[in-house]
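Visitor: What follows is a structure written as structure tokens; I'll ask about it next.
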Amino acid sequence: MMTAAEENVFRLEKAKLEKKIELMQSLSTPAKFYDYYFSKLSDFRSNSDCFNHVNDLYHELFGEFRYSDYASFRVQLSKFNKK
């Protein structure tokens, strides 16, 4: 049986993990990565700053970068948009 404090810690940890899973799902494919990038553009001074933030977030969650740099991201985004 858990104490009230333990239950509260459990609920907080569960909410934190659910948010992390949701974020991972929102970055899990190239299309979702692009959607997330565009949804965050207004929060940054430049497109490359936004890209760096999203790519760093991807790295933090998945242990690798989705794109090596902003230039490769732009090339892949352009190819994606031509589909």
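The values are calculated or read from the model by the stated rules, or taken from the named source; none is laboratory data. These figures come from a predicted structure and were not determined experimentally. Please note: Cβ atoms are built from the backbone with ideal geometry, for glycine as well, and neighbour counts cover all protein chains shown. Ligands, DNA and RNA are excluded from the accessible area calculation, which covers all protein heavy atoms including side chains. Shrake-Rupley method; radii C 1.70, N 1.55, O 1.52, S 1.80 Å.
Visitor: Please determine, by comparing only the residues of the range 32-82 that are under 13 Å from the mean Cα position of the chain (by Cα) and open to solvent by 80 Å² or more (accessible area, probe 1.4 Å), which one is nearest to LYS20 (Cα to Cα).
Guide: GLU60
Visitor: Which ones in the range 1-45 are basic (Lys, Arg) and under 21 Å from SER78 (Cα atoms)? So that I can check it myself, show each step before the final result.
Guide: Quick first cut of the range 1-45, residues basic (Lys, Arg) only: 11, 14, 16, 19-20, 32, 40, 45.
Within the range 1-45, LYS32, LYS40 qualify.
Visitor: Just to be sure I understand the filter: pairs with C-beta atoms under 6 Å, separated by 6 or more residues or on different chains, first member in the range 16-40 and among the small types (Gly, Ala, Ser), second member open to solvent by less than 100 Å² (accessible area, probe 1.4 Å). Which pairs pass?
Guide: What qualifies is SER26/LYS32; SER26/TYR36.
Visitor: Take the range 1-31 and flag every residue that is among the small types (Gly, Ala, Ser) and either under 11 Å from the mean Cα position of the chain (by Cα) or open to solvent by less than 50 Å² (accessible area, probe 1.4 Å) (or both).
Guide: Within the range 1-31, the first condition is being among the small types (Gly, Ala, Ser), and the residues that meet it are 4-5, 15, 26, 28, 31.
Within the range 1-31, SER26, SER28, ALA31 meet the criteria.
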